[in-house]
Amino acid sequence: MKTIVIISSLLALSCSNMNKELTPKSTTNTTEVMNKENIYQFKVKDIEGNDFDFASLKGKKIMVVNTASECGLTPQFEQLQSLYSEFKDHNFIIIGFPTNDFMGQDPGSNQEIAAFCQKNYGVTFPMMEKIVVKGDDKDLVYQFLTQKDKNGLGDFDVEWNFQKFLINENGELERVFGPRILPNDVEIKNWIKGA
């Protein structure tokens, strides 16, 4: 019984940050000069295997989100699609990156993931091929998003599926929201609107 209580307590603590905007894991002296990179340097493959160049998004606000098809948070696809539909004509785009990094919750092929997203949620925002978002084999895009020496904002862990990274019109990481923050949260919408 003690073991169950301890495990439950640890899980509750580990999930607590999923409900808020994330702050960097570490801070440094503000006088330190950072060579901040931007997301425009990256070229990836979309879910159909075509080249996708982030430089084509210059001047847009971007939400990068790691997704999964078999997660308790998977219904967020519906809100992501709604947010994209509402703001896609206002210099905003969502880029989804499927990942199987969290308890094997996206085991399908790229084709299966694409079919699932379209059939169940009508996803029209760009989805990329499945990648690794944590650990030693972390994709270069996610190295940028999670490492202060690359993004200039801070060091971040990808805590779970559906973590949201907000990139400004200059391709710079500006804010990070935990997985349980819904895509249509007022803070996210205000950021898109510049309010």
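The values are calculated or read from the model by the stated rules, or taken from the named source; none is laboratory data. It should be emphasised that the depicted structure is a prediction, and the values quoted were computed from it without experimental measurement. Methodologically, a virtual Cβ is constructed for each residue, glycine included, from the backbone with ideal geometry; neighbour enumeration extends over all protein chains shown.
When you go through I113, I62, I131 one by one, which is the residue that is in contact with a strand residue (DSSP E or B) (Cβ under 8 Å, 6 or more places away or on another chain) and part of a helix (DSSP H, G or I)? It would help to see each step written out before you state the result.
On the way: I62 fails: part of a helix (DSSP H, G or I); I131 fails: part of a helix (DSSP H, G or I).
From the options I113, I62, I131, the qualifying one is I113.
Any chance you could count how many residues in the stretch 116-128 are over 24 Å from Q143 (Cα atoms), hydrophobic (A, V, I, L, M, F, W, C) and not in a loop (DSSP other than H, G, I, E, B)? Walk me through it before giving the result.
We begin by selecting, within the stretch 116-128, every residue over 24 Å from Q143 (Cα atoms); these are 116-124.
This time we only want the ones that are hydrophobic (A, V, I, L, M, F, W, C), so: 116-117, 123.
Those left that are additionally not in a loop (DSSP other than H, G, I, E, B): 116-117.
Residues flagged as over 24 Å from Q143 (Cα atoms), hydrophobic (A, V, I, L, M, F, W, C) and not in a loop (DSSP other than H, G, I, E, B) within the stretch 116-128 amount to 2.
Only one of K189, K150, K138 is surrounded by fewer than 16 Cβ atoms within 10 Å (Cβ to Cβ) and either part of a helix (DSSP H, G or I) or free of Cβ contacts under 8 Å to residues at least 12 places away in the same chain (or both); which? Full working, then the answer.
Details: K150 fails: surrounded by fewer than 16 Cβ atoms within 10 Å (Cβ to Cβ); K138 fails: surrounded by fewer than 16 Cβ atoms within 10 Å (Cβ to Cβ).
When all the criteria are applied, what remains is K189.
Which of the numbered conditions does E169 fail, given that it passes all the others? Conditions: (1) touching a helix residue (DSSP H, G or I) at 6+ places or on another chain (Cβ under 9 Å); (2) of a type in the set (D, E, K, R); (3) within 19 Å of G59 (Cα to Cα); (4) touching a residue at least 40 places away in the same chain (Cβ under 8 Å).
Condition (1) is where E169 drops out.
Scanning the stretch 40-59 for residues that are part of a loop (DSSP other than H, G, I, E, B) and of a type outside the set (D, E, K, R), which turns out farthest from G194 (Cα to Cα)?
Per the criteria, the residue is G49.
For the stretch 85-97, does any single residue satisfy the condition of being in a loop (DSSP other than H, G, I, E, B), at pLDDT 95 or above and buried (at least 19 other Cβ atoms within 10 Å of the Cβ)?
For the stretch 85-97, residues in a loop (DSSP other than H, G, I, E, B), at pLDDT 95 or above and buried (at least 19 other Cβ atoms within 10 Å of the Cβ): absent.
Which members of the stretch 69-84 meet the condition of being of a type outside the set (G, A, S) and assigned to a loop (DSSP other than H, G, I, E, B)?
E70, C71, L73, T74, P75
Quick check: anything in the stretch 20-42 out of contact with any Gly (no Cβ under 9 Å at 6 or more places or on another chain), modelled with pLDDT of 60 or more and surrounded by 14 or more Cβ atoms within 10 Å (Cβ to Cβ)?
yes
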